[in-house]
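S.K.: Take this structure, written in structure tokens, and hold onto it; I'll ask about it next.
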Amino acid sequence: MTDPRIEGPTPEIERPKGTAALPGAAKGYGKLPTGPVPTDATRTAADADEFVPYEWAPAPADDGRLAPWALFAAIVALATSMFVGWGIPVAIVAVIAAIMSLRRPVESRSMAVWALVLGLCATLFSAGWLIWATMQFENLG
């Protein structure tokens, strides 16, 4: 029995006999699928009579640079590692930031390579200081 609230399909929507089955026809789908339709909330009723093609918004510019910060951290870590070994956390942060900036296409590769080299040197110097300090504690007792 048909529901009186549901209208039957119009002739242009009905599938002609003898054609291939639609995807999902076994589940009761009878219409062809459509693509996504862009919506624009800024349009008003006065704009409805003129055709304006939909334009995609450009991707936001990536202004956040990581390589300069990695180089700065590497220089600070290298300067610190010349005197004490406690600059190793900053050196490790500089190395990680340099590797991350090398993987990004918008970064300055030369600045990232310098940050990586200086960060690795600072890590080695800091580790050397910490090893030396550990040896000195062993000599005391």
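S.K.: Quick one: if you stick a label point 7 Å off each Cα along the C-beta vector at Ala79 and Glu138, how many nm between them?
M.R.: 3.4 nm
S.K.: By how many nm would the segment from Arg104 to Ile92 grow when fully extended, if each residue of separation counts as 0.36 nm and the alpha-carbon distance is taken off? The partial results should precede the final answer.
M.R.: On the way: separation 12, 0.36 × 12 = 4.32 nm, distance 1.89 nm.
Additional length available on full extension: 2.4 nm.
S.K.: Calculated FRET efficiency, Ala127 and Asp63, Cβ-Cβ r, R0 35 Å, to nearest 0.05?
M.R.: Working: r = 35 Å, r/R0 = 1.01.
It comes to 0.50.
S.K.: Restricting things to alpha carbons, find the Rg to Rh ratio for region 67-140 using the Kirkwood radius for Rh. Provide the component values of the computation, followed by the final result.
M.R.: Values: Rg = 13.6 Å, Rh = 12.2 Å.
Answer for region 67-140: 1.12.
Readers should treat all values here as calculations from the given coordinates under stated rules, not as data from a laboratory. In this text the structure is predicted, and so the values were computed from the model without any measurement. Virtual Cβ from ideal backbone geometry, glycine too; neighbours counted across all protein chains shown.
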